[in-house]
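Heads up, the thing below is written out as structure tokens.
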Amino acid sequence: MYIILLGAPGAGKGTQADNLSSELNLPHIASGDLFREALRKETELGLLAKSYMERGELVPDEVTIKMILHRIEMPDCASGCLFDGFPRTLAQAEALDKGLADKGKSIDKVIYIKVSDEELLKRLGGRWLCRNCQTPYHLITAPPKVPGKCDKCGGELYQREDDKEETVKERLRVFLAQTIPIVDYYRGQSKLIEVNGNQGIQEVAKEIMLLLKAK
Ligand code: AP5
Ligand code: MG
Ligand code: ZN
């Protein structure tokens, strides 16, 4: 199965991907995590992505598409994967369809996690992430067992540079302008599943599993 998790910044894509990838046994492919990893290693890709990410803008399609199409050539994606944060523009969605079609594959379902703007701001304001495995935590809604440490791997928790209020506002603006159009693209392909993301983490996870099984 090839599944896409779609949603605004802070909607819970990474949080739900953790759960879904273990439930469905699919590798988790997160474009943002791949860029941050490249940045940590100071590769050419990382340095290019940095300037866009710190402004809350999208990294150019050409670069992003190339990175993801390369990633899905890896053997772990041969029979499916879970996309998080990609595609985010119509050009990316079309390139992904084409890349998969060339392998005789296609997207099965697109899960759109809908969350109010007010809630998104609260979530990003309190978010901490594991530097090592990228698991997201939240000071109030999903605290780690030991403060500052990842439950899964003991890694150090940190706050993302782009979670500053002004940058978050720009990321939300970019989402509305550039990513919302792909909701209709997938609705038109009858692949869209809409989920109420304004619920607790477990409730959202349950709703996703129910809707995936129903379709
Ligand atoms: P990316 O890393 O993809 O960030 P994003 O889309 O802005 O989304 P986030 O990771 O901020 O949110 P999330 O939905 O994963 O929420 P999370 O689960 O952490 O992209 C970053 C940047 O990289 C972009 O701005 C761009 O520059 C570049 N980029 C990436 N992909 C690109 C692409 N395809 N094209 C071009 N550029 C690209 O949850 C948030 C918080 O809420 C956490 O603290 C969590 O614990 C908490 N939480 C989650 N769910 C719940 C719940 N149900 N109830 C209460 N709290 C919850
Ligand atoms: Mg994320
Ligand atoms: Zn960790």
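The values are calculated or read from the model by the stated rules, or taken from the named source; none is laboratory data. Because the structure is a prediction, the values reported are computed rather than measured. Heads up, the Cβs are rebuilt from the backbone with ideal geometry, glycines too, and the neighbour counts pull from every protein chain shown. The protein model used for the area step is the full one, side chains on, heavy atoms only, and it has no ligands, DNA or RNA in it. Shrake-Rupley method; radii C 1.70, N 1.55, O 1.52, S 1.80 Å.
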Selection over the range 91-142 where residues are in a loop (DSSP other than H, G, I, E, B), within 16 Å of the chain's Cα centre (by Cα) and within 16 Å of ligand 3 (Cβ to nearest atom) yields a count of 3
Counting only helices (runs of 4 or more DSSP H) wholly inside the range 28-90, the ones holding at least 2 residues that are open to solvent by less than 60 Å² (accessible area, probe 1.4 Å) and under 21 Å from residue 12 (Cβ atoms) are 31-40
Selection from the range 113-136 of residues in contact (Cβ under 8 Å) with a residue 24 or more places away in the chain and under 15 Å from residue 172 (Cα atoms) yields 113, 114, 115, 116, 117, 119, 120, 121, 123, 124, 125
For residue 141, the lone unmet condition from (1) over 28 Å from residue 1 (Cα atoms); (2) β-branched (Val, Ile, Thr); (3) without any contact (Cβ under 8 Å) to a residue 12 or more places away in the chain is (3)
Taking the range 152-186 and keeping residues open to solvent by 70 Å² or more (accessible area, probe 1.4 Å), touching a residue at least 12 places away in the same chain (Cβ under 8 Å) and over 14 Å from residue 57 (Cβ atoms) leaves 152, 156, 159, 165
**Message:** Quick check on the range 102-121. Is at least one of its residues of a type in the set (Asp, Glu) and in contact with a helix residue (DSSP H, G or I) (Cβ under 6 Å, 6 or more places away or on another chain)?
**Reply:** no
Reported set for the range 182-215 where residues are touching a helix residue (DSSP H, G or I) at 6+ places or on another chain (Cβ under 8 Å), closer than 18 Å to residue 116 by Cα and not hydrophobic (A, V, I, L, M, F, W, C) is 196, 197, 198, 199
(Q) Taking the conditions exactly as written (within 14 Å of ligand 2 (Cβ to nearest atom) and open to solvent by less than 50 Å² (accessible area, probe 1.4 Å)), does residue 110 satisfy them or not? (A) no
Query raised in the report: Within the range 201-212, is even one residue within 16 Å of residue 12 (Cβ to Cβ) and either among the small types (Gly, Ala, Ser) or not in a helix (DSSP H, G or I) (or both)?
Result: yes
Checked 21, 51 against criteria (over 16 Å from the mean Cα position of the chain (by Cα) and either among the polar types (S, T, N, Q) or at pLDDT below 95 (or both)); the one match is 51
Going through the range 57-78 in order, the residues found to be in contact with a strand residue (DSSP E or B) (Cβ under 9 Å, 6 or more places away or on another chain) and of a type outside the set (A, V, I, L, M, F, W, C) are 71
Of the listed residues (44, 73, 37, 62), the one being touching a Lys or Arg at 6+ places or on another chain (Cβ under 9 Å) and of a type in the set (Asp, Glu) is 73
Only unsatisfied item for residue 162, checking (1) under 23 Å from residue 21 (Cα atoms); (2) within 16 Å of ligand 2 (Cβ to nearest atom), is (1)
Per the filter on the range 18-57, residues of a type in the set (A, V, I, L, M, F, W, C), free of Cβ contacts under 8 Å to residues at least 60 places away in the same chain and farther than 26 Å from residue 202 by Cβ are 34, 35, 38, 39, 45, 47, 48, 49
